[in-house]
1. So for region 192-345, averaging the separation of alpha carbon pairs under 8 Å that are six or more residues apart and normalising by length, what relative contact order in percent results?
2. How many angstrom lie between the C-alpha centres of region 429-458 and region 270-284?
3. Rounded to a whole number of µm²/s, how large is the Stokes-Einstein D of region 371-468 at 4 °C and 1.567 mPa s, given Rh as the Kirkwood radius over C-alpha pairs?
4. Less than 14 Å Cβ to Cβ from Trp409, Lys/Arg counted +1 and Asp/Glu -1: what total charge do the surrounding residues give?
5. Going through the cross-link list Lys152/Lys427; Lys98/Lys427; Lys156/Lys207; Lys98/Lys405; Lys280/Lys405; Lys156/Lys383, which pairs have a Cα-Cα distance over 30 Å in this structure?
6. Helix-derived [θ] at 222 nm for the chain: sum -39500 (n - 2.57) over DSSP H runs of at least 4, divide by residue count, nearest 500?
7. May I ask you to derive the relative contact order of the chain, considering only C-alpha pairs under 8 Å and at least 6 residues apart, and to give it as an integer percent?
8. Please report the Cα spread of region 224-291 along all three principal axes, rounded to whole Å, starting with the longest.
Amino acid sequence: MSFVIYDLETSGLEPAWNVPLQAALIHTDAELNPLGELSLRCRLPAHIVPAPGALLTTGIRPEQLEQAPLSCCEMLGIIARAVEAWAPATIIGYNTLKFDEEMLRHAFFTHLMLPYASSLNGHCRADLLTMVRAVAMLEPDALTIPLNGMGKPSFKLGEICRANGIALSEDEAHDAMADTRATLALLRHLREAAPKTVSTLLALADKGVASRMLASREVVLLGGLTKLTPVVGVTVNPEVATSWAAVDLTVDPVDYLDLPIDEIVALFSARGVRPIRTIKTNAQPILVAYEQGCHALPEDQRDSALYNERAARIREHAGFRANLAAAMLARFADREPSPHHEATLYSGGFLSNDDARACARWHASPWEDRPAIAAGLSDERLKAFANRLMLMEAPQSLSPLAWQKGQAWLRERLMTETDVPWLTLPKALAEVATLRQTLPVDDPARHALLDAIERWLSERSQSFAYAA
């Protein structure tokens, strides 16, 4: 299987309310020899306000947001076609499963593309940060983990790379292609320095491997941020096949086996040592056989006989398994769904096959034909996204009334003073004021960038105020 190594630089940190602004992808063969690469930049969509802090981090200037060669929709289309053409592959980056993957999924969703493209056509998803953490626990001599200013281990990509002889300067960090090349170099280094752990973790990019380990009901080790915990799989979520509940075997089962459902629900978020652990099998969990990782446990926790005895008691307690499955369903039963379409990727249902085909036809059709296709979509979320995209990309395709409604929506979206989950222009200007107080006075370059960001935000605010 080949690999796709990638990185995104984005307009902010919240996937539902932001978009990628820069993307870099390198396609390699199974031996990590490059086969092709993409380096892309896009313009900022008009309804998105970039987080000033994100712009300071990436060094992207406001004028670059408007002068990039591609629209966001065009860039996402290139990425989607590349991901499809390079299948099957292991898609991997650094901290991608928690951030870049979520950003890409939400961006595909709001741009009428298949949200789960990186999980289709035989693709597997992996995260090099997860693999670095696993190596640090299981083969600590294979990798140098630097310490931060507080004396704690640092897992930042640039610091990990530099500590292990891989070039990635502070100036290069947060450039998508520089980060992608450094990720590829670090993956090569790990394959040579810790082949057993890397092989184990790459296998876990296949969700079926983790599911089978948990379904075996055998004692295994679950990796967290810095340590391993002996656990046993108990039950899969009845509604989500990739979500498992396991129990921490360092906790005596007598404390929870006979609890009612509502008290089991509370254990998921209990303070201190939590006996219940949820594991996403499609997110490359660190799961290793007890024999493979027991050497990394503290000496006073290497008690396989105790763990197997506790696991047997749990396996034999059918009532607990049933209550735990019910508790998994009850955890979020009272959560109110978001009224905003962007935030409903996971709560609003999957795209129907008919709508997916209509979306593909929408992208392939001339702009003048797209309003009719959008009107035929059965999913109201997709209709809203299609109308938004036509407003941004081809306003001439809209009727005068639809264009007027779109402009009113855009003005309200950007300028509202009500409490909304996305970044508005007034909130962004307030963030600039906060950042200015925290920036070191002896950093003129970043102060100049912050001045440029503030001017750009103010000009946009004034233009919408005049329009109103």
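1. Working: 213 pairs, mean separation 44.1, N = 154.
Relative CO of region 192-345 lands at 29 percent.
2. First find each Cα centre; the distance between them is then 40 Å.
3. For the chosen part, D equals 81 µm²/s.
4. +3
5. Values: Lys152/Lys427 34 Å; Lys98/Lys427 25 Å; Lys156/Lys207 26 Å; Lys98/Lys405 36 Å; Lys280/Lys405 42 Å; Lys156/Lys383 40 Å.
Listed pairs above 30 Å: Lys152/Lys427; Lys98/Lys405; Lys280/Lys405; Lys156/Lys383.
6. Values: 19 runs with 213 residues, N = 468.
-14000 deg cm²/dmol, from helical runs alone.
7. Here the relative contact order equals 15 percent.
8. Reported extents, whole Å, longest axis first: 31, 28, 20.
Every number here is computed from the coordinates shown, using simple stated rules; none is lab data. These numbers were taken from a predicted model, which means no experiment stands behind them. Note: ideal-geometry Cβ built from the backbone for every residue, glycine included; neighbour counts use all protein chains shown.
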